[in-house]
Amino acid sequence: MFDSGVGGLTVLHECLVSLPHEDFLYLGDSAHFPYGTKSAEELRGLVVANTEFLLDRGAKLLIVACNSATSAGADAARETAAEHGVEVVTVIGPEAEIAAAISGTGKVGVLATPATVDGGAYRRALEEQGRGLEVIEVSAPDLAPIIQNGFPFDQSVVDTVRFYCEPLRAAEVDTLILGCTHYPLIAPMLQRILGRDVRLVTAGHAIAAKAQRILEARGLESTAEGEGDYGFLCTGDVASFRELGTRFLQMPLGDVERV
Ligand code: DGL
């Protein structure tokens, strides 16, 4: 599994819970954080590099736990992994399916990075649901870096989140997709600003379920009885990855290997 840094740990946590016997290797490409303001071409290059790296480490399935990387590079990841006979699970599709299923009014908001909004992957995925949904996208260039660097959150973080919520409130969305794996950490703020009736969509459990279906269909599921292992690699500073990562995963990270 990979992300631009620690955000994907919110997805990893769901996978650890749903697939307790599997071993996970998580790559945080923190040297290249943030992905959300990079060009599609740059992102595709990083996605291919990360994919090849994890396949070389023996991955039997690849999970792209980053919306920005998925938006620009899902096809590149699939093509690269297919050469090794490995399947890829990404974000975006599962979130769109859930949002289409639960929205009552058909007004769906997407809060995401510029790379994700500009790539149009959520708009396409929501259109494919065939419900004629009204889609309100808000591009938040500084939100992932603010969340990543913002602990403990202060009033300026709340003000920033409130600013990004204004168009969503004005459009009266009843469902909001958290289109960046960093955003589950500000779910309590979003819920207070948007109100209890707005449903917040994250897809960690749907991604874990999809991974499980693929592993079972291909006969690749772990036969181990006990808990599997999990390990961490990062391309940037190890100490800050470990410290931040512990907050995102809410579990100890142990050793982190710099790669
Ligand atoms: N976690 C990444 C995502 O889901 C965004 C963070 C970044 O900008 O690198 O899009």
Evaluation of residue 254 against (1) part of a helix (DSSP H, G or I); (2) exposed (fewer than 13 other Cβ atoms within 10 Å of the Cβ); (3) at pLDDT below 90 (one fails), failing number: (1)
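Could you tell me which of the residues 40, 49 is without any contact (Cβ under 8 Å) to a residue 24 or more places away in the chain and either near the ligand (Cβ under 10 Å from one of its atoms) or under 20 Å from residue 78 (Cα atoms) (or both)?
On the way: 40 fails: without any contact (Cβ under 8 Å) to a residue 24 or more places away in the chain.
Answer to the check: 49.
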Residue 78 free of Cβ contacts under 8 Å to residues at least 24 places away in the same chain, basic (Lys, Arg), buried (at least 16 other Cβ atoms within 10 Å of the Cβ) and at negative phi: yes
The stretch 52-75: number of residues that are in contact with an Asp or Glu (Cβ under 9 Å, 6 or more places away or on another chain), surrounded by fewer than 21 Cβ atoms within 10 Å (Cβ to Cβ) and either under 15 Å from residue 180 (Cα atoms) or without any contact (Cβ under 8 Å) to a residue 24 or more places away in the chain (or both): 0
Members of the stretch 233-251 that are in contact with a helix residue (DSSP H, G or I) (Cβ under 7 Å, 6 or more places away or on another chain) and outside any loop (DSSP other than H, G, I, E, B): 234, 241, 244, 245, 248, 249
Test: residue 185 is crowded, with 18+ Cβ neighbours inside 10 Å and at pLDDT 95 or above: no
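Looking only at the stretch 141-152, decide whether some residue is acidic (Asp, Glu), more than 16 Å from the ligand (Cβ to nearest atom) and either closer than 17 Å to residue 203 by Cβ or part of a loop (DSSP other than H, G, I, E, B) (or both). Write out each step before concluding.
Our first condition is that a residue be acidic (Asp, Glu); within the stretch 141-152, this holds for 142.
Filter once more, so that each one left must be more than 16 Å from the ligand (Cβ to nearest atom): none.
Scanning the stretch 141-152, I find no residue that is acidic (Asp, Glu), more than 16 Å from the ligand (Cβ to nearest atom) and either closer than 17 Å to residue 203 by Cβ or part of a loop (DSSP other than H, G, I, E, B) (or both), so the answer is no.
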Filter pass, residue 138 being assigned to a strand (DSSP E or B), at pLDDT 95 or above and within 29 Å of residue 241 (Cβ to Cβ): yes
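The values are calculated or read from the model by the stated rules, or taken from the named source; none is laboratory data. The model shown is predicted, which means the values in this text are computed figures rather than measured ones. Neighbour counts are summed over all protein chains in view; Cβ atoms, including those assigned to glycine, are modelled from backbone coordinates with ideal geometry.
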